Structure formats: structure tokens, C-alpha cells
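Read through the structure below, which is laid out as C-alpha cells, and then see the notes.
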Amino acid sequence: MKYKSQKIAYYFFALALLLLVLQIVYGFIMGFARVGYDGLHEFIPFNTARAVHTNLLVVWLLTGFMGAAYYIIPEEAEKELVSVKLAYVQLISLALVGVTAIVGYHFNYWEGRKFLEIPRPLDYLVVVNVLLFLGLILATLFKGKKRTTTAMVLTMGLVFAALLYLPGMIWFDNQTIDSFFRWWVVHLWVEGVWELILGGILAFLLIKLTGVDREVIEKWLYVIIGLTFISGIIGTGHHYYFIGTGKIWIILGGIFSALEPFAFLAMVFFTIGMYRKGEKKHPNKIALFWTVGTAVVSFLGAGMLGLAHTLPAVNRYTHGTLVTAMHGHLAFWGAYAMIVFAFISYVMPNLTGRKLYESRNGKLAFWLSNIGMFGMTAAFGVAGVAQVYLERKMGLEFGDVQKDIQVHFYVLIACATMFLTGVTYFIIEFLKYGKPNDEAIVEDNTVE
Ligand code: HEM
Ligand code: HEM
Ligand SMILES: [Fe+2]
């Protein structure tokens, strides 16, 4: 690390990991409820657990992105963050708003709009918080010496992500119109602007870890962004097939969303290509594992498993079933959770000056969490396909079918336990590094 203010990133990562653990707890509550152990039902019924699980996911990922931005922007702009104090204010207020929202969910203050459950009054506090964050990032970037493509792409991703939150805050009495704009947030986030954030962080990591010229890496970044937007924007149509928005979306959504995997495929070629080309043998292999892993697993989870149910002829049957949960888990894990893990793995030695990356725990964290998550994906997938045939093809009752597929949730719990073991190893490593310190500051960070 080169700048004192980059230390703030650590506290964002600590909060992100804490919220991830909470998210997993609620995942297990649902998993056990699915096989009949629903002892917490009075306090945490399934629908509440589901809302907490998915919303915590969004909050911890955004917290991770913010941490990454607070580290990357000063380094790329060559300028200390304009105000570290305000960044702490932003961190604490983010945690407070998040906790208030989560507590509220347990008292039924939530909206029933998947992923966007935060009640509107609290949304305004989210907006203030995000404006403070963006203000600090933008001020640092524009007062700094340099505005690199990597930093600009990351910042654009963050700004657009904030802007796209707004259509989700408008109130509509009509269910179709509400749904129409909910997808502007949910879809255009994960299949649009979050990919800019992902691309920006990925480019930064590859520059640092492979030593390939910035020009080469940033050229690729343009290609990936281009592919993302060409397919992803109109690809929103894959959520408009049968919700009352018009037949045109069946064609548009089908064609454009089927092109979306190309952006993820390009990311695989890019990442592996840069890894091969890299002459600099960076010692932090585990960060490289997570970085290459991000590209590969996001292609499988988002690209391939997205493609599996994106055509209207398929989605007609699979919509809203466990097939969706299958894709949702591996896509979010591969693309966004893994890039946050990659960044944390890269950054901890630099923040603390301790080089613990040769450890066995680090490898265990990588393999156990990934194999566990693949197993979970398979369990959801098998349950989902069975559900589709029994419920949607044969017309059996929803509740009866859920009983028929119960056995797959034992597999889910087993695999989730493996996944959690991996995450635990990751957190143990994180804790072993300890807090960031000023001794870790080096003048020339190319040697890190
Ligand atoms: C990193 C990128 C992605 C993430 C994190 C992601 C995640 C998700 C999640 C969580 C849902 C459920 C949303 C809800 O019901 O509210 C969903 C739905 C869906 N995703 Fe993705 N996705 C990604 C990329 C893709 C891609 C590239 C495709 C197509 C090739 C795709 C196709 C679909 C389809 C068709 C649905 C609707 C499922 C249904 O009708 O129930 N996704 N995705
Ligand atoms: C490790 C323990 C976990 C368990 C046991 C678990 C279990 C579950 C269950 C049972 C559901 C509800 C599915 C349904 O409607 O029946 C769910 C939803 C969801 N979980 Fe997890 N989960 C875990 C971790 C994660 C992680 C790490 C992520 C992201 C990286 C994640 C992302 C999601 C998403 C996106 C949904 C919504 C899917 C949809 O829209 O259909 N979960 N999870
Ligand atoms: Fe989508």
C-alpha cells in the first residue's frame, strides 16, 4: 500500500465478511426448514429468512465493492482519499442502516419485492449514504494526478449502480409496472453495471498480479464492457416474457439475453490470457487463484446456467422455481463474491505488511468453498428440474411437490456445510493477518 487512507478498506472487508456469515446463517435456517426442522418459525418464518438472506447478500457485496474502491481509487489516482473521517462516518452509517433494515424485516417491515425489500423511508437513508461514498470517491479521483481507465470504469460502475437504485424507489400501484422497474435494478445491476465494477476490480488485480502492461489489460476491459452492454441492456427482456409487458420481449429478451454469456466468456479468455502472458511471478498465488476462479466460475454460474433457462420456451416452465435458485447461487458466488474474496486475498498482505499467502488454510478456503458451492448448485438444480416436471408439466400441487423434492435439501445442507468450512478458513486467514498498520506503507508499490 502506498497511501495511509487505503487502510479504511480493511474495515469495509471486516463488515462484509461479518454480514456474509449472517447471510449464511439465514441460508441454513431455510435449508433446515426445508427438511422439516422449522423450530424458529415463530420468530423467523421462511419468507423472512429468505428476504434477510438475499438482502444481506446485496449489502455485503456492496460493502466489499466499497472497500475495494477505497483501496483502488487512491492508488490509481495517486492521491490520499479526500477525507478518511467521512469514510468512517459512511462505514458506520452503512452498518446502522443495514442492521435497522434487517431487524425491521423480523417485525414484518419489508416490501415483498425480491432483493429490494428495504422499506422506502429507509431507502432515503441508503441514498444519503451512497451519495457520501460517491462524493468521496469522485472528489479523490478528480483531485488526483491520474484518471486511469481502470479507475474510471470502476467509478462509472459505482455511479450507475447508484442511479439505477432510484427507479426501484418509485411507487406503482400496478404490479406489472412495479415489476418492470424492479428489474431495472436487479437485472441491470448484475448483468450490466455491476459487471463494470467487476471488470474494474479484475483489471486492477491483473495489472498487479501478472505485471502485463496496463494498456493491454485496459483494451480488454473495453471489449468486455462493450459485450456486456450490447447484450445485457435489452437482455432485461428475459424477465418480461410473461408478466404483461408485451410480446415483443419474447423475441428481444430471448435473442439478446442468449448473447450475454459472451461477455463472461471474454472475461475467461482475458483473465487466463493475462495469467499466461504475465512475466512477473507474483508470489501471492492465492489471490491469483481467486482472480482466475472469478472469471471461470462466473462464466459457468452466470453465463452457462443463465443460458440454461433464458430462452422463453424454457423459462415458461422454470420461472421462479429452484432452477432459478441454482443459477442465482453460482452466479452471485462466481461473479461477485469471488471477486471480493480475490481482492481481500490480494490486499491483506499489503495492508498489514505480513505475507501469509503460502498457507494451507488459504488453499483449503478456496477449494472447500468452491466445491461446496458447486455441490449446492447441483442440489438446487436437481431439485429444480424435478420440481419443474412434477409441478409445471404434470400439474401436481406446489406443496406436494415440495415434499417430493425434500431429499435434495439434505444434500444441500451437506454441501453448504462444506462451503461454510471453506469460508471459515478464509475468515481465519483474514483474522490472522490482523489490522492494517502504517509500517506496511511502501513508496513503490510495484514491488508488492
Ligand atoms: C453475474 C451475473 C448474474 C447474476 C448474479 C444473476 C443472478 C440471478 C438471480 C439472483 C436471479 C433471480 C432474480 C429474481 O427472481 O428476482 C436471476 C434470474 C435470472 N437470470 Fe440471472 N444472473 C446473472 C447473469 C445471468 C445471465 C448472463 C443470464 C442469461 C444468459 C441470466 C439468466 C437469468 C434468467 C432467465 C432469470 C430468470 C429466472 C426466472 O424466470 O425465475 N442471468 N439471475
Ligand atoms: C451456505 C449456505 C447457504 C444455504 C444453505 C443457502 C440456502 C438458500 C435457500 C434454501 C434459498 C431459498 C430457495 C427457495 O426459494 O427455496 C436461498 C436463496 C438464495 N440464496 Fe442462498 N444459501 C446459502 C448461501 C448463499 C450464498 C453464499 C449466496 C451468494 C453468493 C446465496 C445466494 C442466494 C440467492 C441469490 C438466493 C435467491 C435465489 C432465487 O432468487 O431464487 N446463498 N439460499
Ligand atoms: Fe436478468
Qualifying residue in the stretch 80-98 (condition: crowded, with 21+ Cβ neighbours inside 10 Å, assigned to a helix (DSSP H, G or I), over 19 Å from the mean Cα position of the chain (by Cα) and modelled with pLDDT of 95 or more): yes
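Considering only residues of the stretch 256-265 that are small (Gly, Ala, Ser) and more than 19 Å from the chain's Cα centre (by Cα), which is surrounded by the fewest Cβ atoms within 10 Å (Cβ to Cβ)? Don't jump to the end; show me each part of the working.
Step one: list which residues in the stretch 256-265 are small (Gly, Ala, Ser), which gives 257-258, 263.
Cutting the leftovers down to more than 19 Å from the chain's Cα centre (by Cα) gives us 257-258.
Values: Ser257: 25, Ala258: 16.
Once the filter is applied, the top-ranked residue is Ala258.
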May I ask you to list pairs of residues, at least six apart or on different chains, whose Cβ atoms are under 6 Å apart, with the first in the stretch 1-16 being closer than 22 Å to Leu96 by Cα and the second being of a type in the set (A, V, I, L, M) and open to solvent by less than 10 Å² (accessible area, probe 1.4 Å)? Ile8/Ala87; Tyr10/Leu351; Phe13/Ile344
Looking at Ile243, Ile230, Ile248 in this structure, which one is open to solvent by 40 Å² or more (accessible area, probe 1.4 Å), farther than 20 Å from Gly334 by Cα and free of Cβ contacts under 8 Å to residues at least 24 places away in the same chain? Ile248
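Rundown of residues vs (1) in contact with a Leu (Cβ under 6 Å, 6 or more places away or on another chain); (2) away from ligand 3 (no atom under 16 Å from the Cβ); (3) closer than 19 Å to Gly303 by Cβ, yes/no style:
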site: Leu188; (1), (2), (3): yes, no, yes
site: Gly200; (1), (2), (3): yes, yes, no
site: Val212; (1), (2), (3): no, yes, no
site: Tyr222; (1), (2), (3): no, yes, no
site: Phe229; (1), (2), (3): no, no, yes
site: Gly232; (1), (2), (3): no, no, yes
site: Ile243; (1), (2), (3): no, no, no
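Can you give me the ranges of the helices (runs of 4 or more DSSP H) entirely in the stretch 267-360 with at least 1 residues that are away from ligand 2 (no atom under 14 Å from the Cβ), among the polar types (S, T, N, Q) and under 25 Å from Pro74 (Cβ atoms)? It would help to see each step written out before you state the result.
Details: elements: 285-298, 312-318, 322-331, 338-352.
Here the list reads 285-298, 338-352.
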Under the condition of being within 21 Å of Ala162 (Cβ to Cβ) and polar (S, T, N, Q), which residue from the stretch 187-240 is farthest from ligand 2 (Cβ to nearest atom)? Thr228
Number of positions in the stretch 58-79 that are open to solvent by 10 Å² or more (accessible area, probe 1.4 Å), of a type outside the set (A, V, I, L, M) and closer than 13 Å to Ala9 by Cα: 1
Across the stretch 1-31, which residue is surrounded by the most Cβ atoms within 10 Å (Cβ to Cβ) among those that are part of a helix (DSSP H, G or I) and charged (D, E, K, R)? Lys7
Residue, farthest from ligand 3 (Cβ to nearest atom), within the stretch 359-373, restricted to residues that are surrounded by fewer than 20 Cβ atoms within 10 Å (Cβ to Cβ) and either in contact (Cβ under 8 Å) with a residue 24 or more places away in the chain or among the polar types (S, T, N, Q) (or both): Ser359
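So which residues in the stretch 201-219 are part of a loop (DSSP other than H, G, I, E, B) and in contact (Cβ under 8 Å) with a residue 24 or more places away in the chain? Give the derivation first.
Initially, the stretch 201-219 is screened for residues part of a loop (DSSP other than H, G, I, E, B), giving 211-213.
Gly211, Val212, listed by residue number.
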Name the residue, out of Asn47, Asn55, that is of a type in the set (S, T, N, Q) and open to solvent by less than 20 Å² (accessible area, probe 1.4 Å). Asn55
Cβ-Cβ under 6 Å pairs, at least 6 apart or on other chains, the stretch 378-399 side polar (S, T, N, Q), far side assigned to a helix (DSSP H, G or I): Gln387/Leu322; Gln387/Val401
Just a yes or no: is a residue in the stretch 282-292 under 20 Å from Gly226 (Cβ atoms) and either over 18 Å from the mean Cα position of the chain (by Cα) or touching a residue at least 40 places away in the same chain (Cβ under 8 Å) (or both)? no
With the requirement that a residue be under 20 Å from the mean Cα position of the chain (by Cα), open to solvent by 20 Å² or more (accessible area, probe 1.4 Å) and of a type in the set (A, V, I, L, M), what does the stretch 419-448 give you? Leu420, Ile427
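Here's the yes/no breakdown for (1) within 12 Å of ligand 1 (Cβ to nearest atom); (2) among the charged types (D, E, K, R); (3) modelled with pLDDT of 95 or more; (4) under 24 Å from Gly362 (Cα atoms):
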| site | (1), (2), (3), (4) |
| --- | --- |
| Val223 | no, no, yes, no |
| His239 | yes, no, yes, no |
| Gly253 | yes, no, yes, no |
| Pro261 | yes, no, yes, no |
| Phe270 | no, no, yes, no |
| Phe289 | no, no, yes, yes |
| Ala308 | yes, no, yes, no |
For the structure I just gave you, tell me whether Trp60 is more than 18 Å from Leu138 (Cα to Cα) and assigned to a loop (DSSP other than H, G, I, E, B). no
So, in the stretch 158-169, how many residues would count as being touching a Leu at 6+ places or on another chain (Cβ under 7 Å) and closer than 13 Å to Phe133 by Cα? 3
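Without any contact (Cβ under 8 Å) to a residue 24 or more places away in the chain, in contact with a Phe, Trp or Tyr (Cβ under 8 Å, 6 or more places away or on another chain) and over 23 Å from Gly303 (Cα atoms), is that true of Ile170? Break it down stepwise before answering.
Details: without any contact (Cβ under 8 Å) to a residue 24 or more places away in the chain: yes; in contact with a Phe, Trp or Tyr (Cβ under 8 Å, 6 or more places away or on another chain): yes; over 23 Å from Gly303 (Cα atoms): yes.
So Ile170 passes the test.
The values are calculated or read from the model by the stated rules, or taken from the named source; none is laboratory data. What you see is a predicted model; the values in this text were computed from it and never measured. Positions of Cβ are backbone-derived with ideal geometry, glycine not excepted, and every protein chain shown enters the neighbour counts. Accessible surface areas use protein heavy atoms only, side chains included; no ligands, DNA or RNA. Shrake-Rupley method; radii C 1.70, N 1.55, O 1.52, S 1.80 Å.
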